[in-house]
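Okay, so here's the structure we're looking at.
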C-alpha cells in the first residue's frame with residue numbers, strides 16, 4: 001500500500017479533518033509550499049537523521065534548516081548525520097524519495113519523531129503525502145495529538 005493511502009486511511013480512522021491536494025511536480029519543501037499557496041512556515045519538511053541510537057525523524061518548517069549541533073547537544077550524541085538516499089529508500093519504500101509524511105512514533109512509521117517548536121505555532125500544517133505531487137493539510141494541533149513528537153529547538157532560518 002502506498003504511503004498516501006495508508007495516511008488517508010489513518011486520518012479517516014482517527015476521525016481527523018484534512019484536505020488532500022494534488023499539484024504539479026515539486027521537489028523541495030519551499031517549492032511545494034509555493035505551489036500550494038501556503039506559507040513556508042506552515043509547510044513541514046521531514047529530515048531523517050542517524051545516530052548511535054538509530055534513526056529519527058526531524059520535522060521542521062520549510063523555511064528553516066536543521067542544526068545538527070543543536071540536536072547532538074540535546075541528545076548527548078557524538079555522531080549524528082543525515083540519512084543517505086539509500087537508507088531513505090530502505091526506511092520508506094512506499095514513499096517517493098524525500099516525500100515521506102511526518103508520521104513517526106509508530107503512527108505510520110516506527111521511528112522517533114521530533115518537531116522544531118516553531119512549527120507548532122502555526123494553525124495548520126501541510127506536508128507531502130508520500131509523493132512529490134500530493135499534499136495533506138490539517139490542523140497542527142491534530143497532527144501533534146496524533147504523532148506526539150518530542151518538541152525541541154533544533155532549526156534556524158535558512159539562507
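The values are calculated or read from the model by the stated rules, or taken from the named source; none is laboratory data. All values derive from a computational prediction rather than experimental measurement. For neighbour counting, all protein chains shown are included, and Cβ atoms are generated from backbone atoms with ideal geometry for every residue, glycine included.
When only residues in the range 22-64 that are free of Cβ contacts under 8 Å to residues at least 60 places away in the same chain and part of a loop (DSSP other than H, G, I, E, B) count, which is farthest from residue 120 (Cα to Cα)?
Of everything passing the filter in the range 22-64, 52 is farthest from residue 120 (Cα to Cα).
From 81, 72, 86, which residue is out of contact with any strand residue (DSSP E or B) (no Cβ under 8 Å at 6 or more places or on another chain) and more than 17 Å from residue 6 (Cβ to Cβ)? Even if it seems obvious, please write down each step before you answer.
Working: 81 fails: out of contact with any strand residue (DSSP E or B) (no Cβ under 8 Å at 6 or more places or on another chain); 72 fails: out of contact with any strand residue (DSSP E or B) (no Cβ under 8 Å at 6 or more places or on another chain).
Answer to the selection: 86.
Would the range 4-17 turn up any residue that is surrounded by 19 or more Cβ atoms within 10 Å (Cβ to Cβ), outside any helix (DSSP H, G or I), under 15 Å from the mean Cα position of the chain (by Cα) and modelled with pLDDT of 90 or more?
No.
Identify the single condition in (1) within 16 Å of residue 100 (Cα to Cα); (2) surrounded by 15 or more Cβ atoms within 10 Å (Cβ to Cβ); (3) touching a strand residue (DSSP E or B) at 6+ places or on another chain (Cβ under 8 Å) that residue 38 does not satisfy, given that it satisfies every other one.
Going through (1) within 16 Å of residue 100 (Cα to Cα); (2) surrounded by 15 or more Cβ atoms within 10 Å (Cβ to Cβ); (3) touching a strand residue (DSSP E or B) at 6+ places or on another chain (Cβ under 8 Å) one by one, residue 38 breaks only (1).
Name every residue in the range 14-35 that is touching a strand residue (DSSP E or B) at 6+ places or on another chain (Cβ under 6 Å) and closer than 26 Å to residue 84 by Cα, in order of residue number.
29, 33
Could you please give the count of residues in the range 129-159 that are on the phi > 0 side of the Ramachandran plot and without any contact (Cβ under 8 Å) to a residue 40 or more places away in the chain?
Residues that pass the stated criteria total 1.
Taking the criterion of being assigned to a loop (DSSP other than H, G, I, E, B) and within 21 Å of residue 63 (Cβ to Cβ), would at least one residue in the range 75-86 satisfy it?
Kept after step one, since they are assigned to a loop (DSSP other than H, G, I, E, B), are these residues of the range 75-86: 76-79, 83-84.
Subsequent filtering for residues that are within 21 Å of residue 63 (Cβ to Cβ) retains none.
Within the range 75-86 (the criterion being assigned to a loop (DSSP other than H, G, I, E, B) and within 21 Å of residue 63 (Cβ to Cβ)), the answer is no, since none of the residues qualifies.
Going by the structure shown, is residue 72 closer than 16 Å to residue 55 by Cβ and without any contact (Cβ under 8 Å) to a residue 24 or more places away in the chain? Working first, answer last.
On the way: closer than 16 Å to residue 55 by Cβ: yes; without any contact (Cβ under 8 Å) to a residue 24 or more places away in the chain: yes.
Spelling it out, residue 72 is indeed closer than 16 Å to residue 55 by Cβ and without any contact (Cβ under 8 Å) to a residue 24 or more places away in the chain.
Any residue in the range 114-128 that is free of Cβ contacts under 8 Å to residues at least 40 places away in the same chain and at negative phi sitting within a Cβ distance under 8 Å of a residue that is surrounded by 24 or more Cβ atoms within 10 Å (Cβ to Cβ) and not in a strand (DSSP E or B)? List the pairs, counting only those 6 or more apart or interchain.
Between residues of the range 114-128 that are free of Cβ contacts under 8 Å to residues at least 40 places away in the same chain and at negative phi and residues that are surrounded by 24 or more Cβ atoms within 10 Å (Cβ to Cβ) and not in a strand (DSSP E or B), there is no close pair.
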